[in-house]
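This report refers to the structure that appears directly beneath it.
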Amino acid sequence: MKKYMIHLNSRRCIACHGCEVHCKANKNLPVGPFLCTIHCTPLQKVGGVPKTEITFSHCRHCEDPLCVPACPTNAMIQRDDGIVYVDAEKCIGCMACQKACPWEIPVQNPDTDKAVKCDMCMDRLDAGLKPACVTKCTTHALKLVTLECA
Amino acid sequence: MKKSVYSMCGMCTVRCPIRVESEDNQVTWIEGNPHLLAGALCAKGTAGIALLNDSQRPQQPLIRAGARGSGRWREATWDEALDYVADKLKAIKNQYGPESVVLSSRGGPWQGMYKAFIHAFGSPNYTNHDCTCGRNTHHASLSINGVGRKGFAYDIKNAKHLVLFGRDMFSALRIAENNQTLDMLEKGGRLTYVDVRQTMTGAKATRFFQVRPGTDYALALGVIHEVIKREYYDKGFIAQYVTGFEELCDFIEQYTPAWTAKQCGIKEKDLLAFVDEIGEDRPSVIFHPGWNLARYQDSFYASRAMHILNVLMGNIEMKGGLFIPKGASDCGKAGIRSIDCGKPDIRRGDGVGWKYNHFDKGPGLAHLFFENMLKEDPYPIKAWIAMRHDLCSGMPDPQAQKLALDKCDLLVSIDTNYSEFGWYSDVILPESTYLERDTPIVQQKGLKPRLSLRRKAVEPKYDTKANWEIFTELAARLDLEETFPFKSIEELWAWQLEPTGYTIADFEEKGFVELSDKDIFYDRDKLDGKFGTPSGKIEIVSEKLDQAGLVSLKPFEAPPAPEKGMLRLIYGKVAVHTQGHTTNNPMLSELMPTNTAWINTRQAKKLGVETGDLVEISSSDHSYNATVEALVTDHVHPEAVFVYHGFGKEIPRQTRSLHAGVSDQKLMIGKLDDWDQAGGGINLCQVFVHVKKSIRNTKRRVEL
Ligand code: SF4
Ligand code: SF4
Ligand code: SF4
């Protein structure tokens, strides 16, 4: 079985925020929700050069996701390959998943009033492509890591 | 129906190669061309979809119905609007002569077409935005190398050390170049960054100099001094190709590391350590001569000094250095045809070519028109057509510009967006977005030259037209069909490609046609004739400058410090915006809706300001001011206040960006006339502004 992870090479990343927009555009999201974010720590001198630590965050696709059991309609689903996604057909927009998630990852899409979150771009993965954020990262700093599990 | 086309991005002027997918005339996916960029695209590139779908752009031609700038518009058909413009142009031509019409553009690979239009009309007055951008660098390169700033390109990937003076490349973003730089760093290469504040580029650097504003030139002089003293230069190259080296040695004597460190506010030992590195890394050290160096009174000389450093390295026409971009003829191939028309033999209205003989006559200098317009000297200017050029948000002091523009009977804006100039104009001719238009084919020079073009991904959403259509239709009304005879883009492409033997079908596979499959380098021992200077050599001392009454090796003069209560205004770029072009973009305005004022911690303390507090920034004469949040940091020089450019716009139909942030251009009162006499660029960083804590920080509550 496969498991997927997205890894940021922070030495290459230039915090251009491209990935955030690539993700939004691919999911056709309106103003409001972001499914991934780039964060820079305040500048601090390292060897005479003010540096920043850059991190990329998105849904952790937890092994034991708290969001899944919290959903009253079974709209939050964990696939065999570990991807946790929202079945929009079933979602009633109660946002119980958001409250259950330690990082409040699921957000409401104001266009549909339903929960939306990173689904690893599973439609793209299933079509043999890479996630939007990885495919279009300005500097190829984001990589899709595929772990083969027994 | 699903469709995929290769095209060129139009969100900034880098024009990265892209691939666009659409379904039922809706764009569904944009990525960097997989053959060239392996998919990479920046935020702006993806936000092209948002531009396309934005209802806050002009949707049909508009003719002014109220006073200029009042925002009262009448919707018009294309026929009506084009007839209106053509009739006015004809009347102006009859009464004042064709030279009384100016056409300005942003520049770029299609500017030949705009230039051809105005030349065919009979006016020599084509100009572009470069006086606020690369003119100093361009003229610096011309004076030394005899070729313009695009006469060299940089093989960063193979370099060992890249030195950038204020060229914040990881914010300006050229995806291919950025990846080359990151590759170089991954291979252990070094990046030295010089600026008055820290940037993303500086944060990636191996060495960072935070210098006093206006001392880039001093730093470059200090480096030249040490490089010469330690003999870190290529003697063979200098003997073969360079004149004026002796004069340089005499001149540079005085600029010691200790002097330099004092002027720039840096440590002498850091400067010496930097020169040690140059010694190790040469000749593969690239000193980027600057991009937007329309900054200080000596930016032209600073750029010359950076060019001189490259010459000293002897890094020209070699791997890991500078190279001369190659074109079709270097591949033994015939070039494409392009729409063209010779310049009418009339003196330019900006004085370039007769009053100022040391400047490139091509686009002249846009800012030199205004004073002449007011004086009607050498002749009146009665119409200004701006092709995607937003004078009023790109050049200083829009109110001063408007005084001169009021002398015109016709102001036309051809643009995809509303611009500040467009808002003040008489007619807006809406251009289709780059996703909705085909363009003529262009040649892209490089180590491996290519032919490329933009293909429409979808049909126009609104009643807009492509640039070539607009000019062709105007040309038909003005009897200029000889220059613009093409009835369709296919006809134009076929005519362009005819000498080359290629057809448009050859672009299908990858979106471009590669003219060479391997890198082309000239023989480094046979570069004679490649430098277009009077002597054919690289000239450190230029006779041409001499004739213009300018010195080649200018002594450094320290910039003035700000008066009490004032700071020097410094502007810059951010990765998520292309200046004012995108500040109203639905996706990008969400990422960054406004700008802030960066103030040094020490200064902020004096002003009683902390990060997040509102500060008032006012122009020197208090005729413009804006209130924005402060960002307090150690990483901006204490003499400076820094803001990102492109904000503070006042176009009511652009609700997202309306009054958001502060406009640097509007703070630049009287600065239209403050320009570099040697380089031609405007001194955009010689502006002092008042900064104080705003009264709006109150926590008191009076309203219910
Ligand atoms: S697109 Fe790539 S380089 Fe840009 S912020 Fe995201 S991870 Fe970093
Ligand atoms: S939404 Fe939260 S709880 Fe659910 S998988 Fe993602 S990170 Fe885990
Ligand atoms: S994997 Fe897809 S959904 Fe998840 S952050 Fe990246 S682009 Fe967004």
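Every number here is computed from the coordinates shown, using simple stated rules; none is lab data. Treat the numbers as computed from the prediction; the structure is a model and nothing was measured. Cβ coordinates were reconstructed from backbone atoms using ideal geometry, including for glycine residues, and neighbour counts include every protein chain displayed.
What to note about this one:
- The residue B:270 and residue B:150 beta-carbon pair, evaluated with R₀ = 30 Å, returns a calculated FRET efficiency of approximately 0.35.
- Estimated inter-spin distance, residue B:249 and residue A:92, nm [label 7 Å along Cα→Cβ]: 8.8
- The protein assembly as shown - share of DSSP beta bridges that are antiparallel (%, nearest 5): 60
- Cβ-based net charge around residue B:115, under 11 Å, with every Lys or Arg adding one and every Asp or Glu removing one: 0
- Estimated inter-spin distance, residue B:506 and residue A:80, nm [label 7 Å along Cα→Cβ]: 5.1
- The count of lysine pairs in the stretch B:57-195 with alpha-carbon distances below 29 Å, taking only pairs 8 or more places apart or on different chains, stands at 8.
- Cα-based reach from residue B:564 at 13 Å (exclusive), listing aspartates and glutamates while leaving out same-chain residues under 8 positions away: B:639
- When you restrict to C-alpha pairs under 8 Å that are six or more residues apart and normalise by the size of chain A, the relative contact order lands at 33 percent.
- Euclidean distance of C-alpha centroids, the stretch B:466-537 and the stretch B:296-362, integer Å: 18
- Averaged over peptide A:138-147, the number of partner chain Cβ atoms lying within 10 Å of each residue's Cβ comes to 4.
- Partners of residue B:229 within straight-line reach, counting aspartates and glutamates whose Cα lies under 19 Å from its Cα and excluding those fewer than 8 residues away in the same chain: B:246, B:247, B:250, B:253, B:268, B:270, B:276, B:277, B:280, B:281.
- This ranking places B:24, B:519 by how few other beta-carbon atoms lie within 10 Å of each, fewest first, which gives B:24, B:519.
- 21 Å Cα cut-off, lysine pairs counted over the stretch B:334-476 (separation 8 or more, or different chains): 9
- Percent RCO, i.e. relative contact order, over chain B, from Cα pairs under 8 Å lying at least 6 residues apart: 19
- Restricting the stretch A:41-150 to chymotrypsin sites (Phe, Trp or Tyr not before Pro) that sit in a DSSP loop and have at most 13 other Cβ atoms within 10 Å of their own Cβ leaves A:103.
- What the Cα atoms of the stretch B:2-41 give is an Rg and a Dmax of 9.9, 29 Å.
- Each Lys or Arg adds one and each Asp or Glu takes one away; over the other residues whose Cβ falls under 13 Å from the Cβ of residue B:57, this sums to -1.
- The protein assembly as shown: C-alpha gyration tensor shape, a/c 1.5 cut-off, then a/b vs b/c: rounded
- Evaluated at q = 0.13, 0.24 Å⁻¹: base-10 log I(q)/I(0), Debye formula over Cα of the stretch B:441-497: -0.45, -1.06
- Relative contact order of the stretch B:69-144, defined on C-alpha pairs under 8 angstrom at six or more residues apart (%): 24
- Length released on extending from residue A:62 to residue A:3, taking residue separation times 0.36 nm less the Cα-Cα span: 20.1 nm
- Chain A: proportion of alpha-carbon pairs further apart than 19 angstrom, %: 56
- Residue-count net charge about residue B:695 - beta-carbon cut-off 13 Å; Lys, Arg +1, Asp, Glu -1: +3
- Shielding by partners - mean other protein chain Cβ count within 10 Å, residues of B:35-46: 6
- Förster radius 60 Å - calculated FRET efficiency between residue B:605 and residue B:361, Cβ distance, rounded to 0.05: 0.75
- Phi-derived couplings, Karplus 6.51 cos²θ - 1.76 cosθ + 1.60 at θ = phi - 60°, listed residue by residue for the stretch B:318-326: 8, 4, x, x, 8, 9, 8, x, 9 Hz, with x used for Gly and Pro.
- Each residue, residue B:337 and residue B:622, gets one label point 7 Å from its Cα in the Cβ direction; the gap between the two is 6.3 nm.
- For residue B:526, the aspartates and glutamates whose Cα falls under 19 Å of its own Cα, not counting residues fewer than eight places away in the same chain, are B:234, B:317, B:330, B:539.
- Unsatisfied cross-links (Cα-Cα over 30 Å) in the set B:235/B:554; A:136/B:518; B:267/B:666: B:267/B:666
- The stretch B:340-374: trypsin sites (Lys or Arg not before Pro) in DSSP coil with no more than 16 other Cβ atoms inside 10 Å: B:347, B:355, B:361
- Shielding by partners, peptide A:32-42 (average Cβ within 10 angstrom, other chains): 1
- Each of B:522, B:217, B:154 was scored by other Cβ atoms within 10 Å of its Cβ. Arranged with the fewest first, they read B:522, B:154, B:217.
- The stretch A:1-88: GluC sites (Glu not before Pro) in DSSP coil with no more than 14 other Cβ atoms inside 10 Å: A:53, A:63
- Here B:7, B:694, B:425 are placed in order of increasing Cβ neighbour count within 10 Å, fewest first, which gives B:694, B:7, B:425.
- Label point 7 Å beyond Cα of residue B:462 along Cβ direction - residues of the stretch B:405-441 with amide nitrogen under 11 Å: B:415-419, B:429-433
- For the pair residue B:229 and residue B:403 in one chain, pulling the backbone fully straight at 0.36 nm per residue adds 57.4 nm over the alpha carbon distance.
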